[in-house]
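One structure below.
We did not get these values from a lab; they are worked out from the coordinates using the rules stated. From a predicted model like this one, the values you see are computed outputs, not experimental measurements. Heads up, the Cβs are rebuilt from the backbone with ideal geometry, glycines too, and the neighbour counts pull from every protein chain shown.
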Amino acid sequence: MAVRTGTKKRNTGHPVTSYVTDGNTVRVAYPYQAEPERRRRQQGRKPAPQPVSYAPMPERRKNIGIGLPTVAMLFLTLAAVIFIAYGYLNLSASVDNHMDTVEALEVQLESLKTENDALEQSIDTSVDLSHVYDVAVNELGMVHAGENNTIKYKRTESEYVRQYESITKH
């Protein structure tokens, strides 16, 4: 803050006003009596007081007392925020770890599926069904089932058939 003092003069050369500037404003202005007659009259009296700078007094700070309950509440709030942030970071790290595990398992599953498909394809191509038919019919003497070889069984309960129940011949 730059403070500048000065006097303004009339055309007669006598000082009229003394002023104090602060920036681009005049903060304090002091009027002087320009007439020489007044000055002569005041010479017999006690000297005129010098102009005093009336700069604003700094405001006194009010004593803002923070009580114990306020400090305790602030401390508890800070502790709660730290606890929640720690829990969030822990949970975030756990989720990231689980996501990495899931991705690794998905890659492993995909490789196992590919290997399984390849093995199934090799099994399908290695078994010649016409060769199996020739061996079954010619060497083992198997024949296709006819009408007289098929036994039809009628149940009263249509929901299921027990595996070890004896079948009656009709």
Taking θ as phi - 60°, what are the ³J(HN,Hα) couplings along segment 77-87 by the Karplus curve (6.51, -1.76, 1.60), each to the nearest whole Hz, with x for Gly and Pro? 5, 4, 4, 5, 5, 5, 4, 5, 5, 4, x
Would you mind computing, in nm to one decimal, how far apart the modelled labels at ASN138 and LEU76 are, each placed 7 Å from Cα along Cα→Cβ? 9.4
For ALA145 and GLN108 in one chain, what is 0.36 nm times their gap in residues minus the Cα-Cα distance, to one decimal in nm? 8.7 nm
May I ask you to compute the full-extension gain from LYS152 to ILE123, defined as 0.36 nm times their residue separation minus their alpha-carbon distance, rounded to one decimal in nm? 6.9 nm
